[in-house]
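A quick write-up on the structure given underneath.
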Amino acid sequence: MTQFTDLGLAEPILRALTDEGYETPTPIQCEVIPAMIEGRDVLGIAQTGTGKTAAFTLPILNSILEQDQRPQPKTCRALILSPTRELSAQILENVRGYGRHMRVSSTLIVGGVKPGPQIRALSKGVDVLVATPGRLLDLMESGAVRLNQTTTLILDEADQMLDLGFFPAIRKIVGFLPKKRQTALLSATMPKPIRALAHEMLDDPKQVSVAPASRPIERIEQSVVLLPKESKKDLLLELMSDRAVERAIVFSRTKHGADKINRHLVDFGLKSAAIHGNKSQAQRIKALDGFKTGSVKILVATDIAARGIDVDNVSHVVNHDLPNIPEAYVHRIGRTARAGKSGVAVSMCEPGEYEYLRDIERLTGLDIERVYLGDEDKFLAEAKNATPAASQKKQQRPARKKAFTGGGRPQGQGGGRPRSAGGGQSSGGSHGGGGAKRPRRRNRSGAGSPARA
Ligand code: AMP
């Protein structure tokens with residue numbers, strides 16, 4: 001079995017890995033670290049949780065150890081671009097942790113906070129700069145940072161940067177980097193625009209793929225509850241009141257929806273906080289810190305805010321709304337079952353979201369266990385009549401393309417709510433009101449999914 005000592009890393013880095021308690025490199029580390037030390041470009045398909053941050057951070061630190069010059073003012077040697085403030089902060093934490101036994105300067109450039117301290121931190125130049133594209137571009141335009149000395153570029157979570165509309169900014173940023181440089185691009189999924197960007201920016205990259213990108217982690221127990229829209233609130237309370245829930249993330253498709261769900265949980269006496277793009281940086285940090293320390297048990301999040309969350313012991317993920325982009329499902333449920341643990345992912349699906357469920361099952365190749373809360377035939381009939389939700393979704397899809405070709409900043413959460421069947425009226429029947437009932441189980445295990453075979 002490959003050991004860290006086989007990968008060509010210098011002693012101060014190996015010592016930091018021992019401090020971290022890492023015993024052996026993960027598969028992506030085994031492949032990426034030697035390739036980057038050799039100077040090769042890398043194209044990696046990997047989700048969070050695979051150890052990808054260390055895979056690109058350790059070779060950067062190794063090359064900094066080999067250089068004895070300090071960086072020039074307002075420059076950086078290595079630039080790591082990531083989609084969100086939280087993820088950038090987490091990467092910086094890793095850089096500093098793995099670099100604790102060496103001299104390495106590093107800083108963070110993200111939006112949502114005053115630029116003054118960031119400009120000062122950059123004034124002497126840094127070895128490693130971790131940034132989100134929007135703020136970095138602002139500081140480049142104001143002359144606070146120059147990238148002409150940057151010899152390593154990492155694009156992390158490229159697919160989310162695409163979804164957020166960051167590609168025009170990335171292209172601009174890359175235009176200021178030296179042509180002769182090392183580039184690594186990492187992405188959980190590899191849609192066409194990412195392949196195109198990789199083709200443009202990478203030179204004969206080593207291609208690495210760990211765990212098929214669109215398959216959820218096997219240790220997660222997944223199920224979906226098919227129910228009328230108005231039963232979601234009660235079911236959520238029932239799920240969150242279960243003592244088996246240690247820490248849970250509840251996903252909402254919209255920011256407004258996240259606030260509403262959070263208020264509902266807090267009113268019920270549960271320790272919950274919301275995190276999304278409309279929250280201030282201070283609020284986001286407070287919610288995330290509370291979640292990490294345990295004072296907040298439930299984090300209600302949108303897809304964008306959730307990307308950087310790497311918290312152990314998330315026992316449950318609940319999709320209050322199914323995502324209209326099926327890849328987001330994979331990212332969402334990957335917040336649980338981290339660090340070798342198992343986890344539970346429960347999704348709620350109202351009739352207007354049934355198409356999203358089918359998209360998810362198509363993408364993942366899974367036949368997710370179904371539980372009908374209420375009458376199954378009625379649900380399916382309503383889902384069938386809810387075709388407007390599906391066509392609405394198809395119209396939303398190009399947003400991704402627009403984000404790629406059009407300019408501008410992140411657009412927040414993609415897509416609005418699908419129209420529920422029956423134009424938002426109660427679907428009536430026996431399951432509409434009252435307290436949360438135990439979902440009636442109907443296991444489709446006989447369905448013979450090839451993925452399970
Ligand atoms: P990432 O995929 O970069 O988000 O990393 C997921 C988690 O795995 C982080 O909490 C890392 O600290 C941890 N980790 C990374 N590499 C290793 C390793 N070789 N052994 C054990 N844990 C690791």
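Computed from the coordinates by the stated procedures, all read-outs in this text should not be read as laboratory data. As the structure is a prediction and not an experimental result, all values here were calculated from the model. When we count neighbours, we look across all protein chains shown, and the Cβ atoms used for this are built from the backbone with ideal geometry, even at glycine.
Grab the eigenvalues of the alpha-carbon gyration tensor for region 4-209, scale each by 5, take roots, and send me the semi-axes largest first in whole angstrom.
24, 21, 15
Pairs of alpha-carbon atoms within less than 8 angstrom and 6+ residues apart define the contacts here; what relative contact order does region 1-128 have, in percent?
This gives 28 percent for region 1-128.
Could you check the simple spin-label distance between S280 and R358, using points 7 Å along Cα→Cβ, in nm with one decimal?
Those two pseudo-labels are separated by 4.6 nm.
Given 0.36 nm per residue, what is the gain on full extension from E221 to D6 after removing their alpha carbon distance, in nm?
73.8 nm
Mind checking the full-extension length gain between D204 and A121? Use 0.36 nm per residue of separation minus the Cα-Cα distance, one decimal, nm.
Additional length available on full extension: 26.4 nm.
Can you tell me how region 105-151 classifies by the Cα gyration tensor, rounded, prolate or oblate, using a/c under 1.5 as the rounded cut?
Rounded.
Based on the mean of other Cβ atoms within 10 Å per residue, sort peptides 313-320, 255-262 so the most packed one is first.
Ranked by mean Cβ neighbours within 10 Å, highest first: 313-320, 255-262.
Take R100 and S142, extend 7 Å from each Cα along the Cα→Cβ direction, and tell me the distance between the two endpoints in nm.
With each label placed 7 Å out from Cα toward Cβ, I get 3.3 nm.
Using mean Cβ contacts within 10 Å as the protection proxy, how do 39-52, 230-243 order, highest first?
With the highest mean Cβ count within 10 Å placed first, the list reads 39-52, 230-243.
How much length, in nm to one decimal, is gained on full extension between R15 and K233, taken as 0.36 nm per residue of separation minus their Cα-Cα distance?
73.5 nm
To the nearest 0.05, what FRET efficiency results for K180 and E93 with a Förster distance of 41 Å applied to their C-beta separation?
It comes out at approximately 0.85.
At 0.692 mPa s and 37 °C, plugging the Kirkwood radius over alpha-carbon pairs of region 35-90 into Stokes-Einstein gives what diffusion coefficient in µm²/s?
The diffusion coefficient I find is 249 µm²/s.
When the convex hull of the Cα atoms of region 228-318 is projected onto a plane and the area is averaged over all directions, what value comes out in nm²?
Projected area, direction-averaged: 5.5 nm².
Identify the residues of region 279-294 with backbone N under 18 Å of a label point that sits 7 angstrom from the Cα of V113 along the Cα-to-Cβ direction, or state none.
279-292
Order these peptides, 94-101, 59-66, by their mean beta-carbon neighbour count within 10 angstrom, highest first.
59-66, 94-101
Relative contact order of region 69-145, please, whole-number percent, based on alpha carbon pairs below 8 angstrom and at least 6 residues apart.
46 percent
Going by the alpha-carbon gyration tensor, a ≥ b ≥ c the square roots of its eigenvalues, is region 223-263 rounded (a/c under 1.5) or, if a/c is not under 1.5, prolate (a/b greater than b/c) versus oblate?
Oblate, since a/c reaches 1.5 and b/c is not below a/b.
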